[in-house]
Amino acid sequence: MSDGGVVAWLLGLSSVLLLVVLFIHLLFALLLIIPTWRICVRAGYSGALSLFHLVPLIGSFIVMAVLAFGTWPAGEAPAGRR
């Protein structure tokens, strides 16, 4: 196999691996969006905040930071419901 054939094979393999990783990320993000949407709505935020899960690597951290450290517009849960 010539050097050009090896490079083309490696580029093809890396493209397939990238597509697999993106597909797995999309499935995992979609799995998180529905429950996070409900949590955001109950907390008084827009449900669209959960779409940050689609941002690779840092999207989930953004959602968690807003929910953990932000003041919830709907207020905190009463003491009996915690």
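Taking Cα atoms only, the orientation of helix 59-69 departs from the longest principal axis of the chain by about 20 degrees. To the nearest ten degrees, helix 3-43 and the longest principal axis of the Cα atoms of the chain are 10 degrees apart. Note: the chain, Cα convex hull, 93 Å³ per residue.
Computed per residue of the chain from DSSP H runs no shorter than four, each worth -39500 (n - 2.57), the mean residue ellipticity at 222 nm is -22500 deg cm²/dmol.
Bear in mind that the values in this text are calculations on the coordinates, not laboratory data. Being a predicted model, the structure only gives us computed values, none of them experimental.
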